[in-house]
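Student: This is the structure I have questions about; it appears just below.
The values are calculated or read from the model by the stated rules, or taken from the named source; none is laboratory data. From a predicted model like this one, the values you see are computed outputs, not experimental measurements. Positions of Cβ are generated from backbone atoms using ideal geometry, with glycine treated the same way; all protein chains shown enter the neighbour counts. Ligands, DNA and RNA are excluded from the accessible area calculation, which covers all protein heavy atoms including side chains. Shrake-Rupley method; radii C 1.70, N 1.55, O 1.52, S 1.80 Å.
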Amino acid sequence: IPKGFENFSSMKLLYIRNNKFAGTLPPELFVSASLSMLNCSHNDLDGSLPDKLYAATSLKSLDLSSNEFSGAISTKIGDLEDLTKLNLRSNKFVGAIPSTMGLLDELISLDVSFNLLSGIMPDEVCSLRNSSGLFTELVADCSGSSPQITCANTCCSKCEIGHGA
């Protein structure tokens with residue numbers, strides 16, 4: 001991803017999908033206090049997500065799907081309270097889904113499928129989905145003979161086989 005995003009202090013939307021960008025996600029992308037939509041999907045981005053991402057509290061839509069991001073999903077994800085759409089599908093995230101995702105009470109759609117995540121979908125996320133009429137899409141790797149994620153009865157709207165088939 002080219003340098004220089006720190007010069008775009010009033011940037012609201014950044015759509016750099018399907019460009020074959022490689023390397024890590026530069027922290028400079030999150031300098032703009034008004035950034036509301038970021039789509040970096042379908043690239044070759046890797047590494048862990050930068051801490052500055054979690055300070056981008058005006059983000060409403062974040063699509064990082066189909067990259068090579070790795071590491072754990074930070075508990076700081078809950079700081080992005082205005083998110084309505086979060087797509088982390090098809091990366092290499094590991095560990096548990098943080099319970100702080102349950103703080104994202106504006107969510108409409110969350111996709112964490114096709115990663116290396118494991119464990120139980122946090123009660124906080126399931127409670128949010130069951131109490132909100134807007135949060136209609138929750139996709140995880142909760143299907144197949146050895147599901148990676150355990151989802152309560154009505155928690156996940158769609159269960160993928162993922163990498164754990």
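Student: So what are the ³J(HN,Hα) numbers for the range 20-26, from phi and the Karplus equation (6.51, -1.76, 1.60; θ = phi - 60°), rounded to whole Hz, Gly and Pro as x?
Tutor: Taking θ as phi minus 60°, the curve returns 6, 5, 10, x, 8, 7, x Hz for the range 20-26.
Student: Now a separate question. With contacts defined as alpha carbon pairs under 8 Å and 6 or more residues apart, what's the relative contact order of the chain in percent?
Tutor: Numbers: 436 pairs, mean separation 23.5, N = 165.
Relative contact order, the chain: 14 percent.
Student: From the phi of every residue in the range 30-46, what ³J(HN,Hα) in whole Hz does the Karplus formula 6.51 cos²θ - 1.76 cosθ + 1.60 yield, where θ is phi - 60° and glycine or proline is x?
Tutor: Values, residue by residue: 9, 6, 5, 6, 10, 5, 10, 9, 10, 10, 10, 5, 6, 10, 10, 6, 9 Hz.
Student: Please state the Cα pair-distance histogram of the range 1-83 with 5 angstrom bins from zero: what percent is in each bin?
Tutor: 3, 16, 26, 29, 20, 5
Student: Full extension from Asn19 to Ser145: what is 0.36 nm times the residue separation minus their Cα-Cα distance, to one decimal in nm?
Tutor: On the way: separation 126, 0.36 × 126 = 45.36 nm, distance 3.55 nm.
That pair, Asn19 and Ser145, stretches by 41.8 nm at full extension.
Student: Still on this structure, please answer the following. In the range 18-109, what GluC sites (Glu not before Pro) fall in a loop by DSSP, with at most 16 other Cβ atoms inside 10 Å? Let's see the in-between values first.
Tutor: Details: sites: Glu28, Glu68, Glu81, Glu106; in loops: Glu81, Glu106.
When the GluC sites (Glu not before Pro) of the range 18-109 are filtered for loop state and at most 16 Cβ neighbours within 10 Å, Glu81, Glu106 remain.
Student: For the chain, which cysteines have no disulfide-compatible partner, meaning no other cysteine Cβ under 4.7 Å?
Tutor: Cys40
Student: With all protein chains present, calculate the accessible area of Arg89 using a 1.4 Å probe and round the result to the nearest 10 Å².
Tutor: About 70 Å², ignoring ligands and nucleic acids.
Student: Whole-Hz Karplus ³J(HN,Hα) for the range 85-95, in order, using 6.51 cos²θ - 1.76 cosθ + 1.60 and θ = phi - 60°, x for Gly and Pro?
Tutor: For the range 85-95, the Karplus-derived couplings read 9, 9, 10, 10, 4, 6, 10, 10, 5, 10, x Hz, x marking Gly and Pro.
Student: When the Kirkwood radius is taken over all Cα pairs of the range 116-163, what Stokes-Einstein diffusion coefficient follows at 20 °C and 1.002 mPa s, in µm²/s? Don't jump to the answer; show the numbers that get you there.
Tutor: Values: Rh = 10.8 Å.
Estimated diffusion coefficient is 199 µm²/s.
Student: Along its principal axes, what span do the Cα atoms of the chain show, with the longest given first and each in whole Å?
Tutor: Computed over the chain, the largest-to-smallest principal extents equal 47, 31, 22 Å.
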